[in-house]
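S.K.: Please find one structure pasted underneath; my questions will follow.
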Amino acid sequence: MLLYGLDKSLASEEGFAQVQECLTSALAKFVIWGLLSALLYHLVAGVRHLIMDMGIGETLEGGKLGSQIVLVVSAIVILLLGVWIW
């Protein structure tokens, strides 16, 4: 859907105006927020795994702490994203 919107917005000025109008609705903002939230959580969890590849947090206690940190950081970033979108 997002690629279709990008294609339509780049095709003409009328297409850009239609996509811009569609993206101002609350439903579209909620869908975009949901998609970007999933991507941000995946990014934060990926950084955790990169840190674990360096040998930090490989124990059971470190793994539990790391997962809690990922949840807290992701929640903060997702809330900030919601503020930015709305």
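The values are calculated or read from the model by the stated rules, or taken from the named source; none is laboratory data. Since the model is a prediction, treat every value here as computed from it, not as a measurement. When we count neighbours, we look across all protein chains shown, and the Cβ atoms used for this are built from the backbone with ideal geometry, even at glycine.
S.K.: Say whether the condition of being under 20 Å from Leu81 (Cβ atoms), out of contact with any strand residue (DSSP E or B) (no Cβ under 9 Å at 6 or more places or on another chain) and outside any helix (DSSP H, G or I) is met by at least one residue in region 25-35. Explain how you work it out, then say what you get.
M.R.: Keep residues of region 25-35 that are under 20 Å from Leu81 (Cβ atoms), which gives 25-35.
Right, trim to out of contact with any strand residue (DSSP E or B) (no Cβ under 9 Å at 6 or more places or on another chain) and you get 25-35.
Okay, now just the ones that are also outside any helix (DSSP H, G or I), so 25.
Yes.
S.K.: Let me ask another. For region 50-63, enumerate the residues that are exposed (fewer than 12 other Cβ atoms within 10 Å of the Cβ) and in a helix (DSSP H, G or I).
M.R.: Leu50, Asp53, Leu60, Glu61
S.K.: With respect to Glu58, determine if the residue is modelled with pLDDT under 95, more than 13 Å from the chain's Cα centre (by Cα) and over 30 Å from Met1 (Cα atoms). Before the answer, list the steps.
M.R.: Values: modelled with pLDDT under 95: yes; more than 13 Å from the chain's Cα centre (by Cα): yes; over 30 Å from Met1 (Cα atoms): yes.
So Glu58 fits the description; yes.
S.K.: Show the residue pairs meeting these rules: Cβ distance below 9 Å; 6+ apart or different chains; first residue within region 63-81 and closer than 17 Å to Leu39 by Cα; second residue among the polar types (S, T, N, Q).
M.R.: Ser74/Ser37; Val77/Ser37; Ile78/Ser37; Leu81/Ser37
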